[in-house]
Amino acid sequence: MSFAQTIHVEDLERDPFPIYARLRTEQPIVEVSAANCWFATRWRDIELIARSPDFTAVSDDAPVNDAFGRPNILTTEGAEHAELRGGIEPHYRPKRVADYIETLVRPIAEAQLAAFHHSGSTDLLTQYFEPISALSLARSFGFDDVDASTLRRWFHGLSQGAINFEKDPARAAICAQTVAEIDAIALPLLERLAKSPNQSPLSHMLHSSLPHGTTRSPEQILPSVRITLLGGMQEPGHGAANLLVGLLQAPDQFASLRGDLDRLLPRAIDEGLRWIAPIGTMMRTAIRDTEVSGITVPKGTPISCIFASANRDETRWDNPDVFNIHRAPKAHMSFGQGAHFCAGKWFAKAQIEIALRVLFAAHPQIAFADGPPEFRGWEFRAPLHLNVTL
Ligand code: HEM
């Protein structure tokens, strides 16, 4: 039996990195039946697949279709994809983000901090990073009145659908219930925005590049709203938490970062994202039989391009498993590749920076309360908790 056939989803959930390392060496393009798809684990193969006309993002097998509906931004291409992306992306371009990010995120971060500031300890994942991430995205996107605990429940529920490669009915049910809860709030909101547009991405998704007086239907945009809520609310918080774990495990690096925050923080953010990619994979499908690194990927095959593995490819980085904020800057894949490259990269990085600056200014001596946390996940990866003393 080949190594790939021995892989279980539970092993991937617990710690996928040794599995990816072995696949990169022995079976870089291979079927992994436990995940119902093929895996591509090397940097150069993923780069090739993302740019190749022989692979498409359009897929009947992607879990996001069942979970969130179609058409959606992730599994469309060409004009249909551009139309869906056009409603979201302008609000998150670097110059726009620079105009509003401080006034949006700093008050949210300071309010979250105030709740545990004098307590001496907290779980920074659930009490700080996740609420900041969820509230910042929701407020920027047009959901003005939904509280942090509801938003956190939303992205945790949505993620169960997005990662449901194994078609587990329990996961599907959690996601369906979350979608119903979101729709109950989104539909009346969209009805109001159809009549009275505003500057939010939610409003733009309804109106952008359409003749005056016409709008898209909720059915056309809601699947992409759900996808953006999931990634946009979940990932910046998880990226920040992953980075802080790296820093707390490497006190020398943490000390040098605090001594030179302006220069080292942007680098540290990228190193944290490289080290543990919050979104580990993207799905592509072969349009025809296509050879990649000498292996034929048969027509119709769904192939999971594993960014989390490409980010640790030893042909690109020395000691790739080691977290090291002093590495020479080099592009990683954590925001994706090709036409579906993350629309929220600048927003996410700026938000993580503010959240960490607020935290470090108030609590420069953070340390693990009970040792390094347990991580879970391969499609999405983050610590389960981040208990610290302040
Ligand atoms: C650290 C935080 C984030 C990470 C690591 C991340 C990562 C990614 C990745 C890997 C993709 C490509 C997925 C694929 O091709 O299947 C993606 C797409 C996307 N991201 Fe992010 N993301 C982050 C934050 C955000 C935020 C804050 C937003 C809010 C606007 C956002 C919105 C999107 C959208 C709309 C797409 C779909 C783009 C398309 O299909 O054209 N992301 N993201």
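The values are calculated or read from the model by the stated rules, or taken from the named source; none is laboratory data. All of these numbers come straight from a predicted model, not from anything done at the bench. Here the Cβ is made from the backbone with ideal geometry for all residues, glycine too, and neighbour counts use every protein chain on show.
Residue-wise test of (1) within 30 Å of SER59 (Cα to Cα); (2) of a type in the set (Lys, Arg); (3) within 23 Å of the chain's Cα centre (by Cα).
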| residue | (1), (2), (3) |
| --- | --- |
| SER224 | yes, no, yes |
| GLN234 | yes, no, yes |
| GLY246 | no, no, yes |
| PRO251 | no, no, no |
| PRO266 | no, no, yes |
| ILE276 | yes, no, yes |
| ILE279 | yes, no, yes |
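Against the definition (surrounded by fewer than 23 Cβ atoms within 10 Å (Cβ to Cβ) and under 17 Å from the mean Cα position of the chain (by Cα)), how does THR122 come out, yes or no? Considered against the rule, which asks whether it is surrounded by fewer than 23 Cβ atoms within 10 Å (Cβ to Cβ) and under 17 Å from the mean Cα position of the chain (by Cα), THR122 comes out as no.
Close Cβ contacts (under 7 Å, 6 or more residues apart or on different chains) running from residues in segment 35-48 that are modelled with pLDDT of 95 or more to residues that are among the hydroxyl-bearing types (Ser, Thr, Tyr) and part of a helix (DSSP H, G or I) comprise THR41/TYR20; THR41/SER309.
May I ask you to verify whether PRO329 is at pLDDT below 95, over 30 Å from SER59 (Cβ atoms) and surrounded by fewer than 21 Cβ atoms within 10 Å (Cβ to Cβ)?
Yes; evaluated as a whole, the condition is true for this residue.
The set of residues in segment 325-336 being more than 7 Å from the ligand (Cβ to nearest atom) and within 19 Å of ARG381 (Cα to Cα) consists of HIS332, MET333. If the condition is being away from the ligand (no atom under 16 Å from the Cβ) and either within 22 Å of the chain's Cα centre (by Cα) or without any contact (Cβ under 8 Å) to a residue 60 or more places away in the chain (or both), then segment 295-312 contributes THR296, PRO298, LYS299, GLY300. Go through segment 1-60 and give me each residue that's of a type in the set (Asp, Glu) and in a helix (DSSP H, G or I). Passing the criteria: GLU10, ASP11, GLU13, GLU26, ASP45, GLU47. In the set (1) more than 19 Å from the chain's Cα centre (by Cα); (2) within 15 Å of the ligand (Cβ to nearest atom); (3) among the small types (Gly, Ala, Ser); (4) crowded, with 17+ Cβ neighbours inside 10 Å, the condition left unmet by ALA4 is number (2).
Helices (runs of 4 or more DSSP H) wholly in segment 210-289 with at least 3 residues that are over 25 Å from SER140 (Cα atoms) and out of contact with any helix residue (DSSP H, G or I) (no Cβ under 8 Å at 6 or more places or on another chain) - which ones? If you could, list the steps in order and put the result at the bottom.
Working: elements: 218-249, 251-259, 261-275.
The qualifying helices (runs of 4 or more DSSP H) are 251-259, 261-275.
Pairs linking a residue in segment 340-366 that is crowded, with 18+ Cβ neighbours inside 10 Å to a residue that is at pLDDT 95 or above and among the basic types (Lys, Arg), with Cβ atoms under 6 Å and 6 or more positions apart or on different chains, are ILE354/ARG106.
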